[in-house]
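Note sheet for the following structure.
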Amino acid sequence: MIISTMNDLPGYRIDEVLGEGREHATQRLVEEAEGKGANAVIAFRFDTSELGSTWTEICAYGTAVRVTRGE
């Protein structure tokens with residue numbers, strides 16, 4: 001198993017992306033915001049924490065808001 005903090009691996013070609021924790025964290029944030037009646041999220045950020053030697057926690061956070069388009 002090759003593990004890297006880079007977005008690519010020199011000398012290798014990425015053939016398939018099988019999933020990303022950021023997408024999952026973002027989807028959970030969207031579901032929570034929609035559950036509160038929001039139609040937008042502002043101040044969106046990612047945060048990560050190492051949990052032991054084999055796990056990484058990825059958190060997506062922001063402020064759920066309801067917006068209307070200005071003129």
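No value in this document is a laboratory result; all are computed from the given coordinates. Please read these numbers as outputs of a predicted model, since none were measured by experiment. We place every Cβ from the backbone using ideal geometry, glycine too, and count neighbours over all the protein chains shown.
Taken over segment 1-43, the criterion of being of a type in the set (Lys, Arg) and closer than 25 Å to Thr54 by Cα is satisfied by Arg13, Arg22, Arg28. Checking Glu71, Glu16, Glu50, Glu31 one by one, the residue that is within 15 Å of the chain's Cα centre (by Cα) and either among the charged types (D, E, K, R) or not in a strand (DSSP E or B) (or both) is Glu31 and no other. Among residues belonging to segment 31-41 that are in contact with a Lys or Arg (Cβ under 8 Å, 6 or more places away or on another chain) and of a type in the set (A, V, I, L, M), point out the one that is surrounded by the fewest Cβ atoms within 10 Å (Cβ to Cβ). Ranking the qualifying residues of segment 31-41, first place goes to Ala40.
This table checks each residue for (1) surrounded by 10 or more Cβ atoms within 10 Å (Cβ to Cβ); (2) on the phi > 0 side of the Ramachandran plot.
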position	(1), (2)
Ser4	no, no
Glu16	no, no
Arg28	yes, no
Ala43	no, yes
Thr48	yes, no
Ser53	no, no
Glu57	yes, no
Ala60	yes, no
Thr63	yes, no
